[in-house]
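The values are calculated or read from the model by the stated rules, or taken from the named source; none is laboratory data. If you're wondering where the values come from, they're calculated on a predicted model, not measured in any experiment. Note: ideal-geometry Cβ built from the backbone for every residue, glycine included; neighbour counts use all protein chains shown. Keep in mind that these areas ignore ligands, DNA and RNA; they rest on the heavy atoms of the full protein, side chains included. Shrake-Rupley method; radii C 1.70, N 1.55, O 1.52, S 1.80 Å.
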Amino acid sequence: MKPNLLEIAAFTLLGAALLLGLLRMVLGPKAPDRVVAADTLSVITAISIVALAYVTQNPLYLDVALVYAVLAFVAIVAIARAVEGNRS
């Protein structure tokens, strides 16, 4: 199945957003900036998995995206609480 122009543009923009989020994670001046960047990267990754499900017409990827998003949310909350605990 050949992707059309809109799908190519969507994946290009997702890749650009992923690179910008990674840049913020590496260059973030403080730990909270890095936590927000990690959260952004997890959301972009979940959206990319959903887009992959749409392109391949395989609904199994939607389950994978849902599980990934829930686990990423729990991990980001744990990291944020750990960072908050170190700020005292």
Between 0 and 90°, nearest 10: helix 60-85 axis offset from the chain longest Cα axis:
10
Using alpha carbon centroids, what distance separates the range 6-34 and the range 38-84, in Å?
14
Please list, by residue number, every one of the trypsin sites (Lys or Arg not before Pro) in the range 18-84 that is coil in DSSP and has at most 10 other beta-carbon atoms within 10 Å.
Lys30
Relative contact order of the chain: what whole-number percent is it, with Cα pairs under 8 angstrom and at least 6 residues apart?
26
Probe 1.4 Å, accessible area per residue of the chain, Å²:
74
Express the Stokes-Einstein translational diffusion coefficient of the range 5-84 in µm² s⁻¹, to the nearest whole number, given a Kirkwood radius over alpha-carbon pairs, 4 °C and a viscosity of 1.567 mPa s.
96
Where the accessible area of the chain is counted over protein heavy atoms with a 1.4 Å probe, how much of it, in %, is carbon and sulfur?
73
